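For reference, the structure discussed in these notes is given below.
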Amino acid sequence: MFRFFKSHKLILFIPLAFWLYNWSFENTAIFWYMYPFAILVLMSASIVFSKISDELPTWKSLIFGLGYGTLIYGIIALGYRLLQFFPIHIDNSVSNFLAVLAPTSIWHYLLLMFIIVPGEEVFWRGFVQQQLKRYMPTFTAILLSSVLFGLALGVGGFWPGQFAGLAAGLVLGALYEWKRSMPLIIIAHLVMIVLLFLVQPLPMP
């Protein structure tokens, strides 16, 4: 039994990830304590059980990261604008989420920069996506890991987060397979976060 789970790690770690995400998003009052802890647990396991790639010079990681982070932000912003045309009250859902869980202090952004964003990328792209490639073609692994990432972000009932996670996961997953650079996709993710929460937040009604 131990050998089976050792060979098929996702059977343990995907349910663990969803439990940790749900645990974090349900406790909104202490979300900024629980979520970084959950990501640290997942990141630690990923580092132990997978090999993280970094095959790109730092300056290229910065340039590609800026470009693709902006692209991801643009996709999310465009998707948000398009969904506003449908009677699904996306404005209310996004504004309610931001009112409760949006980063509001320096230490929130420090947690995002040094724990949450790197941890999410190490786990979902560096571990889950690579493990899935053992069972399916690369494109399918990127798609499935992105779907799982989106579903995990939506466990707290924030359904637009599922679409944002899926879109970001597809771009970041493809970028990781193309450039084989974890720092690159971490930078891209951080750029998207800065644009989304600080530079040009989504317009609220």
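The values are calculated or read from the model by the stated rules, or taken from the named source; none is laboratory data. Small disclaimer: the values here were computed from a predicted structure and weren't measured. Here the Cβ positions follow ideal geometry from the backbone for every residue, glycine too, while neighbour counts run over all protein chains shown.
Any residue in segment 149-170 that's within 21 Å of residue 68 (Cα to Cα): show its pairings with residues that are at pLDDT 95 or above and polar (S, T, N, Q) at Cβ separation under 9 Å, as long as the two are six or more apart or on different chains.
Going by the 9 Å Cβ cut-off, the qualifying pairs are 165/146; 166/146; 167/146; 168/146; 169/129; 169/145; 169/146; 170/146.
I'd like the full set of residues that are at pLDDT below 95, farther than 17 Å from residue 199 by Cβ and among the β-branched types (Val, Ile, Thr), limited to segment 95-127.
100, the sole residue that qualifies.
For segment 9-35: of the residues being small (Gly, Ala, Ser) and surrounded by 13 or more Cβ atoms within 10 Å (Cβ to Cβ), which is farthest from residue 112 (Cα to Cα)?
17
Which one of these does residue 112 not meet: (1) over 18 Å from residue 14 (Cα atoms); (2) free of Cβ contacts under 8 Å to residues at least 40 places away in the same chain?
Here residue 112 clears every test but (2).
Of the residues 182, 204, which single one is modelled with pLDDT under 95 and aliphatic (A, V, I, L, M)?
Unique residue meeting the criteria: 204.
Could you list, in sequence order, all residues of segment 44-97 that are among the basic types (Lys, Arg) and surrounded by 12 or more Cβ atoms within 10 Å (Cβ to Cβ)?
60, 81
Only residues that are over 18 Å from residue 126 (Cβ atoms) and either at pLDDT below 90 or over 19 Å from the mean Cα position of the chain (by Cα) (or both): list them for segment 26-50, please.
If the condition is that a residue be over 18 Å from residue 126 (Cβ atoms) and either at pLDDT below 90 or over 19 Å from the mean Cα position of the chain (by Cα) (or both), then 26, 27, 28, 29, 30 are the ones that fit.
Does any residue in segment 54-65 that is over 9 Å from residue 187 (Cα atoms) come within less than 7 Å, Cβ to Cβ, of a residue that is of a type in the set (A, V, I, L, M, F, W, C) six or more places away or on a different chain, and which pairs are these?
Listed by first residue and then by second, the contacts come to 54/182; 56/184.
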